[in-house]
1. Give me 84, 120 ranked fewest to most by other Cβ atoms within 10 Å of their Cβ, as a rough exposure proxy.
2. According to a simple spin-label model (label point 7 Å from Cα along Cα-to-Cβ), what is the distance in nm between residue 27 and residue 10?
3. Would you work out if the stretch 78-127 is rounded, prolate or oblate? Take a ≥ b ≥ c from the square roots of the eigenvalues of the alpha-carbon gyration tensor; rounded if a/c is under 1.5, else prolate when a/b is larger than b/c, oblate otherwise.
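Readers should treat all values here as calculations from the given coordinates under stated rules, not as data from a laboratory. Note that the coordinates shown come from a computational prediction; the quantities given were computed from them, not determined experimentally. With ideal geometry, Cβ positions are generated from the backbone for all residues, glycine too; neighbour counts draw on all protein chains shown.
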């Protein structure tokens, strides 16, 4: 479905179009770098979008780990900030969802935290 590569040090996000039988670049993908700390996790399909944990390098939000969503219908990317800034070296992060909820599981060596969004893509709805 999708591909992430680098071109001259910048991330390059693409999807394969069956209709045109070719790869097409996703606009705005150069702001997102795959997060090596969570690179073992595949994308999570929720609400007609595929979600990944990535490092955000843009200027709209503080730089750091965010969730990026690829909307399958519109072929666009959007950012979902985490409940608060996290150091990926201290936390094992994974996305969780299904059955009407979307969230993130954060584990360190002591405990596990699960954050859920009451309203999809509404930052203030993390609980």
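1. Values: 84 9, 120 14.
Least crowded to most crowded, the residues run 84, 120.
2. Going from the residue 10 label point to the residue 27 one covers 1.5 nm.
3. Working: a/c = 2.16, a/b = 1.54, b/c = 1.40.
Prolate.
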